[in-house]
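Below you'll find the structure, written out as structure tokens, and then a few comments.
The values are calculated or read from the model by the stated rules, or taken from the named source; none is laboratory data. In this text, all values refer to a predicted model and were calculated from it rather than measured experimentally. Cβ sites come from the backbone with ideal geometry, for glycine too, and all protein chains shown count toward neighbours. Please note that ligands, DNA and RNA were not included when accessible areas were found on the heavy atoms of the full protein model with its side chains. Shrake-Rupley method; radii C 1.70, N 1.55, O 1.52, S 1.80 Å.
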Amino acid sequence: MKNRHLACPLAAATALALAGCGMLPGGGQTKTVNIWLMRDSAGEDFLTRFTEAYEEEHDGVELKVTIQDWTGIGKKVTEAIQGGGGPDVIEVGNTQVAQYADTEKLYDLTLESVRDLGSEDWLPGLAQPGSIGGSQYGIPWYAANRIVIYNKDLFRDAGIDKPPATRAEWLADTEKLNRGGSQGIYLAGQDWYTLSGFIWDEGGELAVDKGGEWTGALDTPAALRGMAFYKELQSLGSGPKDADEQNPPQADVFAKGDVAQLIATTGSVAPILKANPELKDKLGYFAIPGKKAGRPCPVFTGGSDLIIPENAPERAAALDVVKALAGEKWQTELARTMGYVPNKKGLASVVSGQEATAVMAAAAARGRATPNSPQWANVEGDNPIKPYMTAVLQGEDPAQAARKASAEITDTLAE
């Protein structure tokens, strides 16, 4: 990875060089900071308020926000950061930072992370994938993670008056709920993000880095224990063993009213209520229980980081924009407006008035991300974890199936 370099060397500290670095006041020229954000990451109202406030506070700076679609974004971002005169700030998925950093074309933001942005309090699931080789290239922006959404009426009918505190209690409660025509839980057989949390709770990993070489780790004892728990939980409902949570959409299944629990992000609440408005006052939320009381299960943290390409035309101004978007004021605004988890554990209280988001924020403190390999996106592209899960759920030998999937992960990460 390239070391950070100064845009304007001290040896060239003439008035002309300083002006070229944007360091002389009174130049009279407007700087345009080009920002790429992903569709639906931030609402139009938030972007309007942020842009107007920022431009008012930063005379001579204009923000130009371009909305991008997730489909095909990897190739587009890679081309932009390797070319010339690309965007100044780019929103990327938190697990995508490694593949872009691998180009050696991202600006090293380690100094700003420590000095200006309070990186010691960042959510681990956002901060860790943004850190490559000891340098911070991605600045956490927002997060979302899975929690348990439950039907209060079905819990009450089963005599359960509070959410379970441990995985053992969770299994016992779910078994009580799985009766009388109701499913104790709807859990699709290939929900590998949920499986990841159970593996991490057992002390396992999806893959491990051994001296720069990544190796699949689904066949370790800890990972196999996580899969065994998944199988036991999944059996307490009628979720398909050979499909993921999108086939059929699990929110639609839950909305029918005969499913007691669903593992999902708070983004599922709106489609549930759209399909069945009568569930409005019947939804409850709790963090996915861990093995021990008081320690929720680790969860996969999805979300976005902000990166700055080395070729950013307005790098200094871009740094200020990132500091604002990742700072307390606009983190609070974004979290409350969009129902996201803010980027710091210390900001969890700003969503305390939003029940579902507050539960999600509390769970995010134990968040994790997928293996920080630039090739991990290729693993997800032809995901061997999904057929592995189906094989185990359908009765195949877990250890044998795990060895096969681990070998496939190892091969892909070595490409």
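Before moving on, here are some points about what is shown:
- The combined condition, being among the hydroxyl-bearing types (S, T, Y) and under 25 Å from G212 (Cβ atoms), is not fulfilled by Y150.
- Annotation note: of A365, A358, the sole residue that is open to solvent by 20 Å² or more (accessible area, probe 1.4 Å), in contact (Cβ under 8 Å) with a residue 60 or more places away in the chain, among the aliphatic types (A, V, I, L, M) and under 23 Å from N343 (Cα atoms) is A365.
- For first residues located in the stretch 98-118 and without any contact (Cβ under 8 Å) to a residue 40 or more places away in the chain, partners that are β-branched (V, I, T) and lie 6+ apart or on another chain with Cβ distances below 8 Å form the pairs T103/T78; T103/I81; S113/I139.
- Selected residue (criterion: nearest to A217 (Cα to Cα)) from residues of the stretch 331-372 that are assigned to a helix (DSSP H, G or I) and among the β-branched types (V, I, T): V359
- Taking the stretch 33-60 as the range and being open to solvent by 20 Å² or more (accessible area, probe 1.4 Å), within 17 Å of Y142 (Cα to Cα) and assigned to a strand (DSSP E or B) as the test, only W36 passes.
- Test: I199 is crowded, with 22+ Cβ neighbours inside 10 Å, more than 21 Å from the chain's Cα centre (by Cα) and within 19 Å of K291 (Cα to Cα): no
- Filter result for Y230 (open to solvent by 20 Å² or more (accessible area, probe 1.4 Å) and among the hydroxyl-bearing types (S, T, Y)): no
- Taking the criterion of being open to solvent by 40 Å² or more (accessible area, probe 1.4 Å) and touching a Leu at 6+ places or on another chain (Cβ under 9 Å), the only residue of the stretch 216-227 that qualifies is L224.
- Filtered residue count, the stretch 377-399, keeping only those that are part of a loop (DSSP other than H, G, I, E, B) and either among the polar types (S, T, N, Q) or open to solvent by less than 50 Å² (accessible area, probe 1.4 Å) (or both): 3
- Subset of the stretch 164-190 that is open to solvent by less than 50 Å² (accessible area, probe 1.4 Å), part of a loop (DSSP other than H, G, I, E, B) and of a type outside the set (A, V, I, L, M, F, W, C) - its residue that is farthest from P387 (Cα to Cα): P164
- Complete set of residues in the stretch 247-290 that are touching a Pro at 6+ places or on another chain (Cβ under 9 Å) and in a loop (DSSP other than H, G, I, E, B): N247, P248, A287, I288, P289
- Every test in (1) part of a strand (DSSP E or B); (2) among the β-branched types (V, I, T); (3) farther than 16 Å from L123 by Cβ is passed by V322 save one, and that test is (1).
- Residue that is farthest from V61 (Cα to Cα) [pool: residues in the stretch 332-353 that are open to solvent by less than 30 Å² (accessible area, probe 1.4 Å) and either free of Cβ contacts under 8 Å to residues at least 40 places away in the same chain or of a type in the set (A, V, I, L, M, F, W, C) (or both)]: V351
- Filtered residue count, the stretch 82-111, keeping only those that are under 20 Å from V33 (Cβ atoms), open to solvent by less than 40 Å² (accessible area, probe 1.4 Å) and either modelled with pLDDT under 95 or aromatic (F, W, Y) (or both): 4
- Per-region count, the stretch 400-412, residues in contact with a helix residue (DSSP H, G or I) (Cβ under 9 Å, 6 or more places away or on another chain), open to solvent by 50 Å² or more (accessible area, probe 1.4 Å) and in contact (Cβ under 8 Å) with a residue 40 or more places away in the chain: 1
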